[in-house]
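The values are calculated or read from the model by the stated rules, or taken from the named source; none is laboratory data. Because the structure is predicted, anything quoted here is derived from the model rather than measured. Methodologically, a virtual Cβ is constructed for each residue, glycine included, from the backbone with ideal geometry; neighbour enumeration extends over all protein chains shown. Ligands, DNA and RNA are stripped out before the accessible areas are found, and what is left, the full protein with its side chains, is counted by its heavy atoms. Shrake-Rupley method; radii C 1.70, N 1.55, O 1.52, S 1.80 Å.
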Amino acid sequence: MRSLLFVPADSERKLAKAVEVPADALILDLEDSVATANKPRARERAVRFLQTCGLPRERLWVRVNPTTSAEHADDLAAIAPSRPGGIMLPKARSPEDVLALARALDAHAGGQGGADEPIGILPLVTETPEALFQLGGYGACGPRLAALSWGAEDLGAAVGATAVREADGSWTPPFEMVRNLCLFAAHAAGVAAIDTIHADFRDAAGLERACRAARRDGFTGKLAIHPGQVDIINRVFTPSAAEIERARRVVDAFARQPGAGVVELDGVMLDRPHLVQARRILES
């Protein structure tokens, strides 16, 4: 998943428009973008969208309310039988929250989605201070865990930060650290790392810079809050023809010398990490 677009589930207009957006995943939002009074309506519309939109289920995700919310159980009861591709879990405090969600999905009729089609889970793992001290344990969450992502706004509010970004748009040091911890936690768990939103949806140049930095560092996709962001995200996170050709040549160089730990290509010595990266590019 390169691009994951949030869509407020209480908005018929935005849901209808989202069908035409080339996002790799749509995240029907029942949480932050929906006022409390509108949450029952959002559930109903999300269920109807899941059942009638005609999109492949792997593209359809739902952000439920946190496990600590009174809305959480109602969200799962409404959504799980419609078998979305996955659930985004906000404000995950620890791997135990993911395991609890997995158990709840197991308990709901249709929640398993078939032996080969479980509903995935994508937790937002940095939105509470205590969550930062649990990031190393997500590898034990089982096959439902699809990716990890992060967010700064809720965490900033929790610690009383007056800003999470510098004047130039870069993250302040505490939140740059949080970003990096999520990146390494995802790779330690063996799942994709998804970068957080770029909040200024009119800032195309800033979004592109953020995407390029994220891909450079090891993120494989990015959350979006506006349809206009999707094309930029998809383009940046798609390997170029030159990258693919280079990766093929690296793989071929190692294939020609299967017993070698180091090979030479274009006057450069390459070792196993280069092979791992080349294979990752070809598999993306």
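Top mean-square fluctuation among Pro118, Pro90, Pro173, Gaussian network model of the chain, C-alpha springs under 10 Å?
Its mean-square fluctuation being the largest, the pick is Pro173.
For the range 117-177 and the range 238-258, write down the distance between their C-alpha centroids in whole Å.
Their Cα centres are 33 Å away from one another.
What is the sum of charges, Lys and Arg at +1 and Asp and Glu at -1, for the other residues whose Cβ falls under 12 Å from the Cβ of Glu12?
Numbers: positive: Arg13, Lys14, Lys17, Arg41, Arg45, Arg48; negative: Asp10, Glu44.
It works out to a net charge of +4.
Test of understanding: given the chain, find the longest segment containing no GluC sites (Glu not before Pro) that are in a DSSP loop and have at most 14 other Cβ atoms within 10 Å.
The reported range is 21-165.
Straight-line reach from Lys17: which lysines have a Cα under 22 Å away, not including same-chain ones fewer than 8 places off?
Cross-link targets: Lys39, Lys222.
Using the Cα atoms as the points, what is the convex hull volume per residue of the chain in Å³?
Taking the convex hull of the Cα positions in the chain, it is 155 Å³ per residue.
Considering Cα pairs under 8 angstrom that are at least six residues apart, work out the relative contact order of the range 68-163 and quote it in whole percent.
30 percent
Ignoring ligands and nucleic acids, what accessible area does Thr68 show with a 1.4 Å probe (Å², nearest 10)?
Taking all protein chains as shown, Thr68 has close to 100 Å².
Helix-derived [θ] at 222 nm for the chain: sum -39500 (n - 2.57) over DSSP H runs of at least 4, divide by residue count, nearest 500?
Helix-only estimate at 222 nm: -12500 deg cm²/dmol.
How large is ³J(HN,Hα) for each residue in the range 217-226, as worked out from phi by the Karplus curve 6.51 cos²θ - 1.76 cosθ + 1.60 (θ = phi - 60°), to whole Hz, x for Gly and Pro?
7, x, 6, 10, x, 8, 6, 10, 10, 8
State the percentage of accessible surface on the chain attributable to carbon and sulfur atoms; use a 1.4 Å probe and exclude ligands, DNA and RNA.
55 percent
Using amide H atoms built 1.01 Å from N in the peptide plane, name the residues 5+ places from Leu89, or on other chains, whose amide H lies under 5 Å from its own.
It is Leu122, Leu124, by chain and number.
For the chain, with every protein chain kept in place, what is the accessible area per residue (1.4 Å probe, Å²)?
Per-residue value: 47 Å².
Pick out which of Leu105, Leu265, Leu26 has the largest mean-square fluctuation in a Gaussian network model of the chain, springs linking Cα atoms closer than 10 Å.
Comparing Leu105, Leu265, Leu26 in the GNM, the peak value goes to Leu265.
Quick one: check the C-alpha center-to-center distance for the range 180-216 versus the range 1-62, whole angstrom.
For the range 180-216 versus the range 1-62, the Cα centre distance is 22 Å.
Can you pull the accessible area of Lys222 for me, 1.4 Å probe, Å² to the nearest 10?
10 Å²
Using only Cα atoms and rounding to the nearest 10 degrees, what angle (0 to 90) does helix 95-107 make with the longest principal axis of the chain?
60 degrees
Summing Lys, Arg as +1 and Asp, Glu as -1, what charge do residues with Cβ under 12 Å from the Cβ of Thr172 carry, Thr172 excluded?
Values: positive: Arg165, Arg179; negative: Glu166, Asp168, Glu176.
Summing Lys and Arg as +1 and Asp and Glu as -1 gives -1.
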